[in-house]
Amino acid sequence: MTKTTQAVRGGLLAAVALLTVGAVPDPALAQAMPRQAFQGNWLYLTVTTGDARSSDTRGTLLLCDPPQGHAHAAQACAELRTAGGDITRIPVRADVLCPMLYAPVTASARGEWNGRRTEYTRTFSNTCMMGVETGSVFALGGPGDFEGLGGSGDLGDLGH
């Protein structure tokens, strides 16, 4: 091997190492990282408010061993554990009435639960309906976001 080849090879290895270390804290890169990057059950969650003409997307990495990632992580992880990691199996809250307001919100999740890859995407008519059907999983805690349904049937902040 020539000195030039060794120098280039060493530089490339150093660049890859720096990129890898720099990428770990950024949850937006979670979906591109290898399966071994996170231990236990985890989901990269995004919530997009609005429609195709104008939208705002927020996301976070929900880790469940131990629960962390957003304001309602412990409750979200408990709901997911009960549903076997299947968001569609989270019980619908029949005791909550949502307004008939069209303010579309799309919830997406991808990650790993009990060693299985999992993906979920669904558009709801508003944040209240998203919360009624997905519990605390997508309650990321931002402005206009569904803040969870307490025992009182609280509709949360609908952003209006």
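Summary of computed values
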item	result
Per-peptide average of other Cβ atoms within 10 Å, ordering 73-83, 110-120 highest first	73-83, 110-120
Cα→Cβ-extended label distance, 7 Å offset, between D95 and E119, nm	3.6 nm
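Only the coordinates and a few stated rules stand behind these numbers; no lab work does. The model shown is predicted, which means the values in this text are computed figures rather than measured ones. We place every Cβ from the backbone using ideal geometry, glycine too, and count neighbours over all the protein chains shown.
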